[in-house]
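**Q** Dropping a structure here in structure tokens format, bear with me for questions.
Nothing in this text is a laboratory measurement; each read-out follows from the coordinates by a stated rule. Keep in mind that this is a model prediction, so the values were computed, not measured. Note: ideal-geometry Cβ built from the backbone for every residue, glycine included; neighbour counts use all protein chains shown.
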Amino acid sequence: MALSNPTSIGLFDSGLGGLTVLRGMLRALPGHNYFYLGDNARFPYGTKGTDTIVRYARECAHFLLSQEVGVLIVACNTASAAALHVLENELSIPVIGTVGPAVRQALARSRSGNIGVLGTNATVASEVYQQAIRAADATTTVSAQACPLFVPLVESGMLRGEIVDKVVELYLAPLKERGVDTVILGCTHYPLLLESIQAFMGPDVAIVECSDAIAQDVVSLLGEHATPTTAGSVNYFVTDEVGRFNFLASAFLEGQAVNAVRIDSF
Ligand code: DGL
């Protein structure tokens, strides 16, 4: 597929989670122009049905296309699980999702093939992770766990402390009991709870997320265009209030200024 505007990269998520992917992109490809859409008016995606998530994903993608992005990253596992194939079929630019890159990392890290996957209700119910892991290696054992309280914790800015540790224990204890040696954070919000998740699982368990692998995929996709030619920029858009998004996003991005623009319709 020809790359029309390789220096402009669009990302979307239901809110703040996709910033973990943006952070990986800014590390790997700093000199590009990023367009980040947080669909906070319709957050959370993980409790919605497939048809609704597909509709949201289409609308987010079309908004980003109107910004003339040349590459689209679906920086949301729930949207990737429900709508990646739809977007790949319908759009004329390369579309990169979260599942393939995260599975690749997990298979590379796991020694025992006993792998845990955490995700939203929708992602776990879709079984995309379970199927992708087994398709890549039929000898693996996969235990998937929905963690519906993680996203509201992150969106409330609650990333550590007693309550977070209790919720982490609630969801991770079954995986620990099953002796998984690798855990996939199958939701882009979850890396923001990494500290507590790693502390509960212990240092011998690999905790894997998709952002670095996505960045590698984009670098190879861009080829010669991967070399930065400008200082780069990030444009943030949200579908609801900007104030809270700006405050939390700036904290997640280590104090970088975030001035999101609110869009009222797609
Ligand atoms: N960050 C998203 C994901 O990766 C969505 C969370 C949500 O809106 O429920 O699944």
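**Q** Positive end of the dipole of the range 1-133, charges at C-beta (+1 Lys, Arg; -1 Asp, Glu), about the Cα centre: which of Val103, Ala57, His85 has its Cα farthest in that direction?
**A** The residue sitting farthest along the positive end of the dipole is Val103.
**Q** How far is the Cα center of the range 67-104 from the Cα center of the range 1-59, in Å?
**A** Their Cα centres are 9 Å away from one another.
**Q** If you don't mind, another one. Grab the DSSP H runs of the chain that are 4 residues or longer, score each as -39,500 (n - 2.57), total them, divide by all residues and round the 222 nm result to the nearest 500 deg cm²/dmol.
**A** My calculation for the chain gives -13500 deg cm²/dmol from helical runs alone.
**Q** Give, rounded to the nearest 20 debye, the magnitude of the charge dipole that the chain has about its Cα centre when Lys and Arg contribute +1 at Cβ and Asp and Glu contribute -1 at Cβ.
**A** With Lys and Arg at +1 and Asp and Glu at -1, about 180 debye.
**Q** Please work out the Cα center distance from the range 108-129 to the range 148-193, rounded to the nearest Å.
**A** Going from one Cα centre to the other spans 14 Å.
**Q** Measure nothing fancy, just the Cα-based angle from helix 19-28's long axis to the longest principal axis of the chain, in degrees from 0 to 90, nearest 10.
**A** Approximately 70 degrees, to the nearest 10.
**Q** Further question: By how many degrees, between 0 and 90 and to the nearest 10, does the Cα long axis of helix 77-90 differ from the longest principal axis of the chain?
**A** It is inclined by approximately 40 degrees.
**Q** For a quick check, take a GNM of the chain with Cα springs below 10 Å and name the residue from Ala199, Ala106, Ala82 with the largest mean-square fluctuation.
**A** Evaluated over the chain, the most mobile residue of the options is Ala199.
**Q** So how much slack lies between Ser220 and Asp204, counting 0.36 nm per residue of separation and subtracting their Cα-Cα distance, in nm?
**A** That pair, Ser220 and Asp204, stretches by 2.7 nm at full extension.
**Q** Based on the Cβ-Cβ distance from Gln130 to Glu177, what FRET efficiency comes out when R0 is 22 Å, to the nearest 0.05?
**A** 0.75
**Q** While we're here: Roughly speaking, what is the stretch gain from Glu68 to Leu91, that is 0.36 nm per residue apart minus the C-alpha to C-alpha distance, in nm to one decimal?
**A** Net length gain for the segment: 7.0 nm.
**Q** Same structure, new question: Given points 7 Å out from each Cα along the Cα-Cβ axis, report the Val261 to Ala41 separation in nanometres with one decimal.
**A** 1.6
**Q** Sticking with this structure for a sec: Given Gly70, Cys147, Ala136, which one lies farthest toward the positive end of the charge dipole of the range 70-157, if we put +1 on the Cβ of every Lys and Arg and -1 on the Cβ of every Asp and Glu?
**A** Positive-end residue among those listed: Ala136.
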